[in-house]
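Novice: Sharing a structure here in structure tokens format.
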Amino acid sequence: MIKRSIGILSLSLLAMVSRADEKIDEAYQAFLQSQGEASWINAAANHPLANTANRPIPPIESFSSDPAKQALGFELFHDARLSRSGTVSCSSCHTGMMGGADGSRVSVGVGGLLGTRNSPTVFNSAFNFRQFWDGRAFDLDSQALGPITNPVEMGHDLEVVLQNLATIPHYAEQFASIYPDGLTAANLGNAIAQHSRDMTRSDSRFNEHLSTGAVTLSEQELRGWERFNDVGCASCHNGINLGGNSYQKMGNVGPLSNTAMIASLDEGLFARTGREQDRQVFKVPSLNNVALTAPYFHDGSVSSLEEAVRQMGQVSGGRKLSNADVEDIVSFLGSLSSEAFAGMSSRMGNMGGMRQQMRQRMQQMHHGEQQGQQMNHGQHHDASTDQTRQMRRH
Ligand code: HEC
Ligand code: HEC
């Protein structure tokens, strides 16, 4: 046991070293601190314990946060008026029922345009050392402005969004009373990011097992956890999010067999850095809630968790996992699901049909809402996030 932990520790140190040389933005940290926020949430990799093999998810109560900012962020997250067409909100692609993702291979944005990447979960994204598959956003505040101007997501002009928000009395008042400098791009990002941080969930069975010991994992889950560590998954998928704290090359050990991924040629980090060694390098995704966020990988090319685990064993573990190993590891990964979401998904039964209906329902609501009436969007747009919010609060 001790030997294994030492092994994992040295592997995770390796993972830390192979991170691209990016410096923490000190001015930005100072800004966050001036807003009264715990900086380790925004730069989890700076936290001394963030990279230990298995690290409990801190309870949401331990984050200092301003309830007024959170409430404002919640409204903005669900407001389709941030998109050019008035039909797409953040919650269109990040919904609670889908574990904080959207269930599509790649996301559908304004006018039905398709992106090139799979929507990652927003839940527990506060613990990622960078945001996006290629880590191009340093933190959640700057991340939040990205989708608004992304042509295939919300496709809007940030200046126009700010002007529009200023004409909505509720928003104008809220920004003026919460932020000394009122409605600015930085404050819009900050408010939305407050909600992203608020989407921290620590109610998975694995987390309960780790943090309080109140839950005992099944024999199969425990076996899966052991195999996960023994075959080296934990060398990259470690820390609070079992990932989210390093960049790694997809196919670092074995060759890619995934023909869809080879064909789509996403260059990953290379597109940002231009460094040859960054080709096909991605941020290691978090595995919290992974059982709920099919399809998998940056391009959504794999539809089942079994197959994703099998491919990972090959390309990153350099071995063909036995069927028993795959089943055990998948069973362990299932213990990483927030209990609230897992309950919701199973009650929904037929996910495919339900997804379709939900998308249509959301689109209809976004349409009905473009007249700039008084805001109270949460309940309408995303009953799921709302419901878990209620569950957590009570
Ligand atoms: C059209 C669908 C779509 C919309 C709308 C959308 N997102 Fe995303 N989101 C994605 C996709 C796809 C990615 C991954 C993109 C990439 O890595 O290049 C992503 C990535 C993220 C991440 C990073 C998670 C991680 O693990 O790296 C966060 C946080 C996030 N979105 C929050 C938001 C917020 C806040 C909004 C609203 C301002 C929003 N998203 C709107 C599809 C969407
Ligand atoms: C060398 C580092 C590394 C190792 C070792 C590794 N992974 Fe990964 N894992 C990654 C990266 C990077 C990605 C994202 C790849 C992509 O999308 O192109 C990923 C993605 C995944 C995904 C998909 C998550 C999602 O939301 O799409 C799963 C599941 C996964 N890994 C499980 C495992 C398992 C199980 C093992 C052990 C058999 C393992 N990984 C070993 C780096 C690693």
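Novice: Would you confirm whether any residue within the range 241-263 is under 20 Å from Thr200 (Cβ atoms), near ligand 2 (Cβ under 9 Å from one of its atoms) and among the aliphatic types (A, V, I, L, M)? Can you show your working first?
Specialist: Initial filter on the range 241-263 (under 20 Å from Thr200 (Cβ atoms)): 241-245.
Then drop every residue that is not near ligand 2 (Cβ under 9 Å from one of its atoms), which leaves 242-243.
Filter once more, keeping what is among the aliphatic types (A, V, I, L, M): 242.
Yes: one or more hits.
Novice: Is one or more of the residues making up the range 224-243 open to solvent by 50 Å² or more (accessible area, probe 1.4 Å) and outside the structural domain of Phe297 (by TED's automatic domain parsing)?
Specialist: No - not one qualifying residue is present in the range 224-243.
Novice: Go through (1) open to solvent by 50 Å² or more (accessible area, probe 1.4 Å); (2) in contact (Cβ under 8 Å) with a residue 24 or more places away in the chain; (3) farther than 18 Å from Glu221 by Cβ and name the single condition Glu339 misses.
Specialist: Just one mismatch for Glu339, condition (3).
Novice: Would you point out which residue out of Val152, Val122, Val106, Val88 is of a type in the set (Val, Ile, Thr), in contact with a Lys or Arg (Cβ under 7 Å, 6 or more places away or on another chain) and within 10 Å of ligand 1 (Cβ to nearest atom)?
Specialist: Details: Val152 fails: in contact with a Lys or Arg (Cβ under 7 Å, 6 or more places away or on another chain); Val122 fails: in contact with a Lys or Arg (Cβ under 7 Å, 6 or more places away or on another chain); Val88 fails: in contact with a Lys or Arg (Cβ under 7 Å, 6 or more places away or on another chain).
Of the residues listed, the single one that is of a type in the set (Val, Ile, Thr), in contact with a Lys or Arg (Cβ under 7 Å, 6 or more places away or on another chain) and within 10 Å of ligand 1 (Cβ to nearest atom) is Val106.
Novice: Oh, and also: Quickly run through the range 92-147 and pick out the residues that are touching a Pro at 6+ places or on another chain (Cβ under 9 Å), assigned to a helix (DSSP H, G or I) and either on the phi > 0 side of the Ramachandran plot or open to solvent by less than 10 Å² (accessible area, probe 1.4 Å) (or both).
Specialist: Matches in the range 92-147: Val110, Phe127.
Novice: Filter the range 148-187 down to residues that are within 15 Å of Ala80 (Cβ to Cβ), among the aliphatic types (A, V, I, L, M) and assigned to a helix (DSSP H, G or I), then give me how many there are.
Specialist: 4
Novice: Further question: Which residue, of Gln277, Gln314, is within 10 Å of ligand 2 (Cβ to nearest atom) and open to solvent by 10 Å² or more (accessible area, probe 1.4 Å)? Show your work before the answer.
Specialist: On the way: Gln277 fails: within 10 Å of ligand 2 (Cβ to nearest atom).
Checking each option against the conditions leaves just Gln314.
Novice: Ok, one more. Restricting to the range 241-285, give me the number of residues that are assigned to a loop (DSSP other than H, G, I, E, B), within 22 Å of Phe127 (Cα to Cα) and touching a strand residue (DSSP E or B) at 6+ places or on another chain (Cβ under 9 Å).
Specialist: Quick first cut of the range 241-285, residues assigned to a loop (DSSP other than H, G, I, E, B) only: 241-246, 250-258, 265-267, 269, 274-275, 279-280, 284-285.
The next check asks that each one be within 22 Å of Phe127 (Cα to Cα); those that pass are 241-246, 250, 269, 284-285.
Add one more test, that the residue is touching a strand residue (DSSP E or B) at 6+ places or on another chain (Cβ under 9 Å), and what stays is 242-246, 250, 269, 284-285.
The qualifying residues number 9.
Novice: From Ala291, Ala234, grab the single residue that is within 17 Å of Asn118 (Cα to Cα) and either assigned to a helix (DSSP H, G or I) or among the aliphatic types (A, V, I, L, M) (or both). Let's see the steps before the verdict.
Specialist: Numbers: Ala234 fails: within 17 Å of Asn118 (Cα to Cα).
Within the list Ala291, Ala234, the selection yields Ala291.
Novice: Yes or no: Ser196 at pLDDT below 95 and within 20 Å of the chain's Cα centre (by Cα)?
Specialist: Numbers: at pLDDT below 95: yes; within 20 Å of the chain's Cα centre (by Cα): yes.
Yes; evaluated as a whole, the condition is true for this residue.
Novice: Scan (1) more than 9 Å from ligand 2 (Cβ to nearest atom); (2) of a type in the set (A, V, I, L, M, F, W, C); (3) surrounded by 20 or more Cβ atoms within 10 Å (Cβ to Cβ) for the single condition Ala324 breaks and write down its number.
Specialist: Going through (1) more than 9 Å from ligand 2 (Cβ to nearest atom); (2) of a type in the set (A, V, I, L, M, F, W, C); (3) surrounded by 20 or more Cβ atoms within 10 Å (Cβ to Cβ) one by one, Ala324 breaks only (3).
Novice: Inside the range 66-78, can you point out the residues that are more than 17 Å from Gly182 (Cβ to Cβ) and open to solvent by 50 Å² or more (accessible area, probe 1.4 Å)?
Specialist: Passing the criteria: only Pro67.
The values are calculated or read from the model by the stated rules, or taken from the named source; none is laboratory data. Note that the structure is predicted; figures quoted are calculated from it, not measured. In this analysis, Cβ positions are derived from the backbone assuming ideal geometry, glycine residues included, and neighbour counts consider all displayed protein chains. SASA here: full protein model, heavy atoms, side chains in, ligands and nucleic acids out. Shrake-Rupley method; radii C 1.70, N 1.55, O 1.52, S 1.80 Å.
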